[in-house]
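Visitor: This is the structure I want to talk about, given as structure tokens.
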Amino acid sequence: MHVNLKIAALALTLSLMATTALAYPVERIQFARNAVSATVTGNLQHYQSKRVYLLRMNAGQKLDIRQVPSAGHPVTISVTDPRGRNIDDWAADCHSYHESMTRLAGDYRITVTECKKADPWKGKFIMNVTAL
């Protein structure tokens with residue numbers, strides 16, 4: 001029985017290590033000097049993977065995020081405000097864009113995943129992020 005517990009603990013540890021190895025670090029989006037937009041390129045490795053970005057915004061700015069349509073398979077873009085509230089305006093499509101006015105100053109969290117309404121895929125995506 002003692003050996004089975006050790007094997008189970010080892011399996012759990014290896015599973016956690018594999019999951020951690022597949023996780024991507026959170027990336028900060030920064031615009032070039034005097035620019036109001038940036039192009040962000042990322043990769044998704046499997047159906048459950050996601051990429052997370054932070055963007056510092058001021059209150060009252062317009063945030064516009066759009067996937068470049070010719071750049072791969074459909075993604076879903078989700079945004080949360082600095083207090084952690086989801087501010088998405090979900091549409092019936094994959095939601096490969098986001099448009100809103102910011103109410104709070106701080107870091108907005110942008111999460112990109114594969115569109116769950118499309119076939120599974122892996123690979124590259126490109127999106128344009130604009131803050132006016």
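The values are calculated or read from the model by the stated rules, or taken from the named source; none is laboratory data. Here the structure is a predicted model, which is why all the values come from computation and not from measurement. Glycine also receives a Cβ, built like all others from the backbone with ideal geometry; neighbour counts cover every protein chain displayed. The protein model used for the area step is the full one, side chains on, heavy atoms only, and it has no ligands, DNA or RNA in it. Shrake-Rupley method; radii C 1.70, N 1.55, O 1.52, S 1.80 Å.
Visitor: Given the structure, is LEU54 open to solvent by less than 60 Å² (accessible area, probe 1.4 Å) and modelled with pLDDT of 95 or more?
Guide: It is true that LEU54 is open to solvent by less than 60 Å² (accessible area, probe 1.4 Å) and modelled with pLDDT of 95 or more.
Visitor: What number of residues in segment 62-98 are aromatic (Phe, Trp, Tyr) and part of a strand (DSSP E or B)? Spell out how you get there, then give the answer.
Guide: Initially, segment 62-98 is screened for residues aromatic (Phe, Trp, Tyr), giving 90, 97.
Checking the rest, the ones that are also part of a strand (DSSP E or B) come to 97.
Here the count works out to 1.
Visitor: From the list ALA92, ALA105, ALA131, which residue is open to solvent by 50 Å² or more (accessible area, probe 1.4 Å) and modelled with pLDDT of 90 or more? Before you say what the answer is, go through the steps one by one.
Guide: On the way: ALA92 fails: modelled with pLDDT of 90 or more; ALA131 fails: open to solvent by 50 Å² or more (accessible area, probe 1.4 Å).
None of the other options fit; the residue is ALA105.
Visitor: So in segment 57-73, with the set limited to residues that are modelled with pLDDT of 90 or more and under 28 Å from LYS117 (Cα atoms), which one is most open to solvent (accessible area, probe 1.4 Å)?
Guide: Checked segment 57-73; the qualifying residue most open to solvent (accessible area, probe 1.4 Å) is ARG66.
Visitor: Counting only residues that are in contact with a His (Cβ under 8 Å, 6 or more places away or on another chain) and part of a strand (DSSP E or B), which one in segment 99-132 is nearest to ARG83 (Cα to Cα)?
Guide: Step by step, filter segment 99-132, then rank; the result is ILE110.
Visitor: Could you check segment 35-51 and list, in sequence order, the residues that are at pLDDT below 95 and open to solvent by less than 50 Å² (accessible area, probe 1.4 Å)?
Guide: Once the filter is applied, which keeps residues that are at pLDDT below 95 and open to solvent by less than 50 Å² (accessible area, probe 1.4 Å), segment 35-51 yields GLY42, LEU44, SER49.
Visitor: So, of the residues in segment 28-61 that are among the polar types (S, T, N, Q) and in a loop (DSSP other than H, G, I, E, B), which turns out to be farthest from the chain's Cα centre (by Cα)? Outline the logic, then answer.
Guide: Start the filter on segment 28-61 by keeping residues that are among the polar types (S, T, N, Q), which leaves 30, 34, 37, 39, 41, 43, 45, 48-49, 58, 61.
Retained after the next criterion (residues that are in a loop (DSSP other than H, G, I, E, B)): 30, 34, 45, 48-49, 58, 61.
On the way: GLN30: 15, ASN34: 25, GLN45: 13, GLN48: 12, SER49: 9, ASN58: 20, GLN61: 20 Å.
The extreme case among them is ASN34.
Visitor: Here's a follow-up. Across segment 74-89, which residue is farthest from the chain's Cα centre (by Cα) among those that are at pLDDT 85 or above and open to solvent by 80 Å² or more (accessible area, probe 1.4 Å)?
Guide: ARG83
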